[in-house]
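The values are calculated or read from the model by the stated rules, or taken from the named source; none is laboratory data. Quantities reported herein were computed from a predicted structural model and do not represent experimental measurements. Backbone-built Cβ (ideal geometry, glycine too); neighbour counts: all protein chains shown. Areas reflect the complete protein model, heavy atoms only, side chains present, ligands, DNA and RNA absent. Shrake-Rupley method; radii C 1.70, N 1.55, O 1.52, S 1.80 Å.
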Amino acid sequence: AASLHVSQCDEAWRIDSTEGYLDIAAILEIAQKTDAQAVHPGYGFLSENAAFAEACISAGLVFIGPSAAAIRAMGSKTTAKTLMEQAGVPVIPGYYGETQDDAQLLAQAGKVGFPLLVKASAGGGGRGMRVVESADELPEAISACRREAAKYFVDDHLMLERYLGGSRHIELQIFADAHGQIMHLFERDCSLQRRHQKVIEEAPAAQLSEDLRERMGQAAIEAARAVDYCGAGTVEFLLNEDGQFFFMEMNTRLQVEHPVTEMICGVDLVEWQLRIASGEPLLQLQVDKKGHAIEVRICAEDCDQGFLPDSGELSWLEWPQKAPSVRIDSGVRQGDVVSSRFDSMLAKLIVWGEDRAQAIARLQAALAHSHVLGVYSNIGFCRELVSTDTFLQGRYDTGWIDRYLQQRKIAELPPQALIAAAIIHYEHLQIESAQTVQTASPWNTLDGWRLNLPASLAMSFRHQQCEYLLQLLPRDPLVEIMLDNRRYACRWHWQGRVLWLEIDGQSEPVRAVWQPPFFHLEVQGRACKLQWQDPRQPQTQQNDAASSLAAPMPGVVIEVAVAVGDAVQAGDVLVVMEAMKMEHSIIAPADGYVVSVPFQTGDKVQQGDQLITLEARESES
């Protein structure tokens, strides 16, 4: 109720339902109370829900989107593939049959060949999708995809497709009116993905010939015509290294990345959704492609920990200054809490340039002026990506991020982060000492006094799995820090919330927020979270094996694969939990026996909760 989008509304109504914004009946009831004429479904789950479209029409409302028949035809990827084949649009080889038992899928997988892709027929957004390299991986992938498909799309129908490694993900924005006219608004390259979810998109696609653009555009129009489409839609293709393209799916809605199309076309696509729903013809829509646009999805996730989604308070949120060439679409404000119940995306950063080189330069500058603290974000990782030669040359594909991660070395924690945390903690100790000085007790002073020796404060901080020890030596008007057998002479001052840290004569800014016991810092473009280790409190450090069996964040247990007494092997899936619309498997770190299973399917868990307890299996002699 206190979120940003609600505050921007002229009128806001609460949905009293456990289903929230997915409760069709509750939404229609409010629409009738407010005498609404039409419903725009956004680009969430309801935008591709045929039952919702039908319910709107039955209630006398205009559904701002395609017909329920078109949504159903394209919502089922198996039906869509059949229609595309009939329309002469090339499709990816695979199995799209109705027989769905495990035996049939296993048999068909052998015909499709490995590697292959298991996909939810009604899926989207990377949900219900797994790459399978061998037959041994297939049963678990089928189980996981069925589970996600049933949860997110209320349809556990699966299909198998040949996995086209090294391909690009190219999609075309199409519009169709009620008068039979269909047009496309050029293509977008959405190949930069992790976990089958897009990270960076751009329009137009680099390294595409005009002939290929024309052929893909015409195929997209034929795809829309095959289902008598009306409204905005997105036709997605895979383009292989040989220049062959294959229909992948059609999303019967606007995409999250539609702003890049708006930037190069100078058209408000939502406005034209409204115009078409009002019966206006597309003849009035004049589009000229100009320049180049790139979008980055900024998400709350720890890229150094497998893109693990993060939640918490946004204690620092800073975007670049808006300009005609820079656009920020964000649903959050500083001070908002990122919940583990929803998607991790915080904002979309979109830039435009006269050409691709200028757009990249503007994107690099905009990312350098984007700052998020309180939760981890992918801003630093995206800065890396857009500075690589592969991105600069526009020669990436859907598997490039995975390959990049294999050779990427995670940067060590910069000493400036630890020094900044130590200085901030030292400042707070001085404040605490000043507040207790009236007791006249020497035991209340916190200045590091030692008998016959210079004052010294020992401090300990933890970052991920590493603990760092340092000594702070007050030497008015500066302090000296001993860290890793090196002495740093430090001065500092504050400019607003920015700590200017001068180390051995060189100054640099540190964005810093202290939320005891955590220090959220950004140093040299890298965000990190340090935990102060209070020497007065007992440290209950878990070993790595136990830590790996704990919930990485708040969420819900959706599958328990073992029972007490079961013998497990290293790598076995023990528990599957869901958080922030993503599944996380808890894996056995070593061979052993299950001692306890404290949580069951449907239970809510908090970060750090032990989901399974294992007892090591003694090796056989």
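Key figures
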{"item": "Total residues in segment 292-315, condition touching a Gly at 6+ places or on another chain (Cβ under 6 Å) and part of a strand (DSSP E or B)", "result": "3"}
{"item": "Pair list, Cβ < 8 Å and 6+ apart or interchain, from segment 1-20 residues that are open to solvent by 70 Å² or more (accessible area, probe 1.4 Å) to residues that are of a type outside the set (Val, Ile, Thr) and at pLDDT 90 or above", "result": "Ala1/Ala12; Ala1/Arg14; His5/Gly331; Trp13/Lys33; Asp16/Ala26; Glu19/Ala26"}
{"item": "Pairs where the first residue, in segment 140-154, is within 14 Å of His584 (Cα to Cα) and the second is among the aliphatic types (A, V, I, L, M) and open to solvent by less than 10 Å² (accessible area, probe 1.4 Å), C-beta under 6 Å, 6+ apart", "result": "Ala141/Val118; Ala141/Val132; Cys145/Val118; Cys145/Ala120; Cys145/Leu158"}
{"item": "Some residue of segment 66-81 being over 30 Å from the mean Cα position of the chain (by Cα) and open to solvent by less than 10 Å² (accessible area, probe 1.4 Å)", "result": "no"}
{"item": "Every residue from segment 337-351 that is more than 17 Å from Arg297 (Cβ to Cβ) and surrounded by fewer than 18 Cβ atoms within 10 Å (Cβ to Cβ)", "result": "Val337, Ser339, Arg341"}
{"item": "Among (1) over 15 Å from Ala527 (Cβ atoms); (2) at pLDDT 95 or above; (3) part of a loop (DSSP other than H, G, I, E, B), the one test that Ser340 misses", "result": "(2)"}
{"item": "Flag if Gln244 is open to solvent by 10 Å² or more (accessible area, probe 1.4 Å), more than 29 Å from the chain's Cα centre (by Cα) and polar (S, T, N, Q)", "result": "yes"}
{"item": "Subset of segment 43-62 (residues that are surrounded by 14 or more Cβ atoms within 10 Å (Cβ to Cβ), touching a residue at least 24 places away in the same chain (Cβ under 8 Å) and within 26 Å of His258 (Cα to Cα))", "result": "Tyr43, Phe45, Leu46, Ser47, Glu48, Asn49, Ala50, Phe52, Cys56, Leu61, Val62"}
{"item": "Filter result (of a type in the set (Phe, Trp, Tyr) and within 31 Å of the chain's Cα centre (by Cα)) within segment 564-621", "result": "Phe599"}
{"item": "Contacts under 6 angstrom Cβ, first residue in segment 280-291 being part of a loop (DSSP other than H, G, I, E, B), partner among the acidic types (Asp, Glu) and surrounded by 15 or more Cβ atoms within 10 Å (Cβ to Cβ), 6 or more apart", "result": "Pro281/Asp177"}
{"item": "Of all residues in segment 447-467 being open to solvent by 50 Å² or more (accessible area, probe 1.4 Å) and closer than 16 Å to Phe518 by Cβ, the one that is modelled with the highest pLDDT", "result": "Glu467"}
{"item": "Every residue from segment 253-290 that is of a type in the set (Val, Ile, Thr), under 19 Å from Gly44 (Cβ atoms) and modelled with pLDDT under 95", "result": "Val256"}
{"item": "Segment 280-306, subset more than 22 Å from the chain's Cα centre (by Cα) and among the hydrophobic types (A, V, I, L, M, F, W, C), residue farthest from Tyr404 (Cα to Cα)", "result": "Leu283"}
{"item": "Candidate set from segment 352-382 (those that are without any contact (Cβ under 8 Å) to a residue 60 or more places away in the chain and outside any loop (DSSP other than H, G, I, E, B)); member that is least open to solvent (accessible area, probe 1.4 Å)", "result": "Ala366"}
{"item": "Candidate set: segment 508-518, residues that are of a type outside the set (A, V, I, L, M) and under 13 Å from Gln416 (Cα atoms); chosen: the one surrounded by the most Cβ atoms within 10 Å (Cβ to Cβ)", "result": "Arg511"}
{"item": "Within segment 56-84, tally of residues that are modelled with pLDDT of 90 or more and more than 18 Å from Gly233 (Cβ to Cβ)", "result": "5"}
{"item": "In segment 487-507, the residues that are surrounded by 14 or more Cβ atoms within 10 Å (Cβ to Cβ) and acidic (Asp, Glu)", "result": "Glu502"}
{"item": "Residue that is nearest to the chain's Cα centre (by Cα) [pool: residues in segment 247-279 that are within 19 Å of Ala223 (Cα to Cα) and part of a loop (DSSP other than H, G, I, E, B)]", "result": "Gln255"}
{"item": "Strands (runs of 3 or more DSSP E) within segment 547-621 that include 3 or more residues open to solvent by less than 60 Å² (accessible area, probe 1.4 Å) and touching a residue at least 40 places away in the same chain (Cβ under 8 Å)", "result": "555-560, 573-579, 582-587"}
{"item": "Of residues in segment 133-142 being over 23 Å from the mean Cα position of the chain (by Cα) and of a type in the set (Gly, Ala, Ser), the one surrounded by the fewest Cβ atoms within 10 Å (Cβ to Cβ)", "result": "Ser134"}
{"item": "Test result for Ile328, assigned to a strand (DSSP E or B), aliphatic (A, V, I, L, M), out of contact with any Cys (no Cβ under 8 Å at 6 or more places or on another chain) and surrounded by fewer than 20 Cβ atoms within 10 Å (Cβ to Cβ)", "result": "yes"}
{"item": "Number of the condition not met by Gly353 [criteria: (1) under 30 Å from Ser209 (Cα atoms); (2) at pLDDT below 95; (3) not acidic (Asp, Glu)]", "result": "(2)"}
{"item": "Segment 197-221: number of residues that are at positive phi and open to solvent by less than 10 Å² (accessible area, probe 1.4 Å)", "result": "0"}
{"item": "Filter result for Lys409 (surrounded by fewer than 22 Cβ atoms within 10 Å (Cβ to Cβ) and at pLDDT below 95)", "result": "yes"}
{"item": "Failed condition for Ile92, given (1) more than 30 Å from Ala579 (Cα to Cα); (2) at pLDDT below 90; (3) open to solvent by 10 Å² or more (accessible area, probe 1.4 Å)", "result": "(3)"}
{"item": "Residue match in segment 167-179 (condition: modelled with pLDDT under 90, open to solvent by 10 Å² or more (accessible area, probe 1.4 Å) and within 22 Å of the chain's Cα centre (by Cα))", "result": "no"}
{"item": "Residue satisfying condition, being crowded, with 22+ Cβ neighbours inside 10 Å, touching a residue at least 40 places away in the same chain (Cβ under 8 Å) and assigned to a helix (DSSP H, G or I), within set Ala224, Ala232", "result": "Ala224"}
